[in-house]
1. Of all residues in the stretch 66-116, count the ones that are outside any helix (DSSP H, G or I), in contact with a Ser or Thr (Cβ under 9 Å, 6 or more places away or on another chain) and of a type in the set (A, V, I, L, M).
2. Can you pull out every residue in the stretch 80-109 that is surrounded by 15 or more Cβ atoms within 10 Å (Cβ to Cβ) and farther than 19 Å from W60 by Cβ?
3. Quick check, is T55 farther than 18 Å from L98 by Cα and β-branched (V, I, T)?
Amino acid sequence: MKKLFAVLSMLVVAGMVLAACTPAAEAPAAEAPAAEAPAAEEPTQVDFACITTNTVEQPWHTAFAQAFDRVAADAPYDLEMTLTCTENVAPPDAERILRQYAETGEYEVIWAHSSY
């Protein structure tokens, strides 16, 4: 049994060595696209929506709002950032309100911020 295991182990190792030494097959040349799509314009504004389980005055949510304000003030990538919050959202209502935000199409980022 030990000899069989040793032989099988050597065959596996030999197969791996041979596979590693075999030149890779070249990928077929890709066809050039008929026409390049126009480059997308870089955004200048990003709108965020947020739901919270309490008021924004609660410490956990205050920290989030203050952090958002600091990032927005820095205007990364010259973006104007806005935040719209719905406060005191009970967990059973969260999906409905998140879906409503999504269906408007106004927000690029929708955030569920909870202290639960």
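Quick note: the coordinates plus some simple rules give every number you see, no bench work behind them. Owing to the predicted nature of the structure, the values given are computational and were not obtained by experimental measurement. Backbone-built Cβ (ideal geometry, glycine too); neighbour counts: all protein chains shown.
1. 4
2. Those that are surrounded by 15 or more Cβ atoms within 10 Å (Cβ to Cβ) and farther than 19 Å from W60 by Cβ: M81, Y101, Y107.
3. no
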